[in-house]
């Protein structure tokens, strides 16, 4: 990613020069989050529950530093995916009930 400031990327830069200096790294972080989200979205629920459990077990003294850093990110994305799947399931069940069992109200 080339080093560009906020204005070059289309964002206003009201925060000062630090924002432009950190922006390339923010872009890399965003790319990492997108890759994690895509991988998590492809996983079955059981695996996501396992990731949430595992992410709660890491400490600064029982794993690699990168594992410790990524654990809260993975937990947040896994929990969000499970919540989204739950809402989709709930909406599908409501629609099935309303349309398939007597026409709804």
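Could you please give the count of residues in the range 60-81 that are in a helix (DSSP H, G or I) and more than 11 Å from the chain's Cα centre (by Cα)? So that I can check it myself, show each step before the final result.
Keep residues of the range 60-81 that are in a helix (DSSP H, G or I), which gives 65-81.
Narrowing further to those that are more than 11 Å from the chain's Cα centre (by Cα): 65-71.
Total satisfying the criteria: 7.
For the range 10-29, residues that are surrounded by 11 or more Cβ atoms within 10 Å (Cβ to Cβ), over 26 Å from residue 70 (Cβ atoms) and modelled with pLDDT of 70 or more total 1.
Results for (1) surrounded by 11 or more Cβ atoms within 10 Å (Cβ to Cβ); (2) assigned by TED's automatic domain parsing to the domain that holds residue 88, shown as yes or no for each residue.
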| site | (1), (2) |
| --- | --- |
| 31 | yes, no |
| 38 | no, no |
| 54 | yes, yes |
| 63 | yes, yes |
| 70 | yes, yes |
| 73 | yes, yes |
| 76 | yes, yes |
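The values are calculated or read from the model by the stated rules, or taken from the named source; none is laboratory data. Since we're looking at a predicted model, the values are computed, not measured. Counting neighbours? That spans all protein chains shown, and the Cβs are built from the backbone with ideal geometry, glycine included.
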